[in-house]
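Please read the structure below before turning to the comments.
The values are calculated or read from the model by the stated rules, or taken from the named source; none is laboratory data. Quick caveat: nothing in here was measured; it's all calculated off a predicted structure. Neighbour counts run over all protein chains shown; Cβ positions are idealised from the backbone, glycine included.
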Amino acid sequence: MHPLEPASGPVRPKTLVTGAAGFIGSHLVTELLARGHQVVALDDLSGGFRSNIDERATFVRGSILDTALL
């Protein structure tokens with residue numbers, strides 16, 4: 001399966017998007033959700049806004065540098 005093809009079957013892929021509150025990340029979250037993915041949106045909100053992230057995504061406030069969080 002190509003990563004951006006629509007998900008099919010009983011198992012929906014789970015995808016982590018870092019920088020999800022920024023311009024590119026938020027659009028990627030929306031597209032993945034539209035294709036049937038479960039999305040975990042990770043962002044520390046230092047350069048983006050929580051309101052940019054689709055409410056269907058699971059939002060986690062934090063940094064990719066926080067290994068305990070990951």
Need the failing condition index for ARG56 against (1) charged (D, E, K, R); (2) touching a Leu at 6+ places or on another chain (Cβ under 6 Å); (3) surrounded by 15 or more Cβ atoms within 10 Å (Cβ to Cβ), just the number. (3)
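For GLY36, state whether it is at positive phi and surrounded by 12 or more Cβ atoms within 10 Å (Cβ to Cβ). Spell out the reasoning first.
Values: at positive phi: yes; surrounded by 12 or more Cβ atoms within 10 Å (Cβ to Cβ): yes.
When the stated conditions are applied, GLY36 passes them.
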So which of PHE59, PHE23 is more than 9 Å from the chain's Cα centre (by Cα) and modelled with pLDDT of 95 or more? PHE23
Residue list for segment 10-27, restricted to those being aliphatic (A, V, I, L, M) and crowded, with 19+ Cβ neighbours inside 10 Å: VAL17, ALA20, ALA21
